[in-house]
C-alpha cells in the first residue's frame with residue numbers, strides 16, 4: 001500500500017496503472033491543445049488575406065492590422081511588408097504547433113507571449129471579437145503547457 005493514504009484501497013500495480021493512464025491522458029490533452037496552433041495559423045491566413053477569401057471580421061492579427069494602418073509611409077514596400085508579416089506570422093504558428101506536438105513546453109510559452117503581445121494591438125484597434133479569439137487560444141495553450149508540466153513533474157519524459 002502507498003503511504004499517506006495515497007492510492008488507498010489500491011494495490012501497487014493498480015496505482016502504477018492509474019498513474020500511467022493519467023500521464024497518457026495528460027500527453028493526449030497537451031497534443032490536443034497543440035493542435036490549436038494549426039487552427040490559429042489557418043484563421044490568421046484567413047484573416048490577413050493570404051487566402052483568396054478574406055474574413056477579417058471574425059479574426060484579425062493586431063500586428064498586421066497596425067502595419068496596414070500605419071505602414072503607408074513605407075511607400076512601395078508597404079504591400080510587401082504587410083504580406084511578409086502575415087506569412088511570417090502563419091509560418092511561426094505552424095512551427096510552434098509542431099514543436100508543441102513534440103512535447104516542448106517552450107512552444108506553448110512562446111505562443112502565449114506572441115498572442116498576448118498581439119492582444120495589445122487588438123485593444124488599440126478596438127477589435128474585441130479578435131481579442132476574444134486570441135484569449136481563447138492563449139487559454140488553450142496555457143492548458144497544454146500545464147499538462148506538459150504535470151507530465152514532467154511526474155518523472156516521465158514525453159515521447
Inset, instruction - Go through segment 1-39 and give me each residue that's modelled with pLDDT under 80, crowded, with 16+ Cβ neighbours inside 10 Å and part of a helix (DSSP H, G or I). - result: 15
Legend entry - helices (runs of 4 or more DSSP H) fully within segment 40-159 counting 3 or more residues that are touching a residue at least 12 places away in the same chain (Cβ under 8 Å), within 27 Å of residue 30 (Cβ to Cβ) and in contact with a helix residue (DSSP H, G or I) (Cβ under 6 Å, 6 or more places away or on another chain): 78-101, 105-124, 128-153
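The values are calculated or read from the model by the stated rules, or taken from the named source; none is laboratory data. Computed from a predicted model, the values in this text were never measured in an experiment. No Cβ is skipped: glycine too gets one built from the backbone with ideal geometry, and neighbour counts run over all protein chains shown.
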